[in-house]
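Read-outs throughout are calculated quantities, based only on the coordinates presented, and are distinct from any laboratory measurement. Source: prediction; values computed, not measured. A quick note on method: Cβ atoms are made from the backbone with ideal geometry, for glycine too, and the neighbour counts reach across all protein chains shown.
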Amino acid sequence: MSVEIDHLGIAVLNLSDGLSFYETALGMPVALRETVESEGVHLAMLPTGNSAQAPRIELLEAINEDSAIAKFVGSRGPGLHHVAFRVDDLSGAIDRLKSRGYRVLHEPRIGAGGHQYVFVHPHSTGGVLLELIQK
């Protein structure tokens, strides 16, 4: 199985304020802005390199109090929310994880950019929320 870092998800209180730092202080361009209603977030993707395969920074702002990002920020404050990996066989990765007792949080969903993804519970991964994305 091929695994590559896709992005680091960072929860922010306000997307515009978060973007101000990355765009102004670091000179990172925004490659994508999107609202994912099913997850209750506004997001922005900022590439870290010139390649389409370069890892990205994903800034996430809650759009309602029920979203996972709102709950995260409410309990922990803004900061690193998850690490996302691209996998070449999402279905196979899910089956492998489940067969070994790891907790996959939901069935595959369609998220930002139309990519299919799942999250793996932090209790299964040594304390880090992982997102797996189909290449």
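Roughly how big is the chain's charge dipole about its Cα centre, with Cβ charges of +1 (Lys, Arg) and -1 (Asp, Glu), in debye to the nearest 20? Here the size comes out at about 440 debye.
When peptides 30-40, 113-123 are ranked by their average number of other Cβ atoms within 10 Å per residue, the highest-first order is 113-123, 30-40. Contact order, relative form, for the stretch 3-134: 25 percent (alpha carbon pairs under 8 Å, 6 or more residues apart, mean separation divided by residue count). Normalised by the number of residues in the stretch 50-123, the mean separation of alpha-carbon contacts (under 8 Å, six or more apart) gives a relative contact order of 15 percent. Computed on the stretch 3-134, the Cα convex hull volume stands at 107 Å³ per residue. By DSSP, the beta bridges lying fully in the chain are antiparallel in about 70 percent of cases.
Taking other residues whose beta carbon is less than 12 angstrom from the beta carbon of residue 104, and scoring Lys, Arg as +1 and Asp, Glu as -1, yields +2. Using Cα centres only, tell me the gap between the stretch 24-58 and the stretch 94-135 in whole Å. Measuring centre to centre over Cα atoms gives 20 Å. In the stretch 3-134, a dipole from Cβ-located charges (positive for Lys and Arg, negative for Asp and Glu) runs towards its positive end, and of 51, 91, 68 it is 91 whose Cα lies farthest in that direction. Rounded to the nearest 0.05, what FRET efficiency do residue 134 and residue 25 have when you use their Cβ-Cβ distance and R0 = 35 Å? Efficiency for this residue pair is about 0.60.
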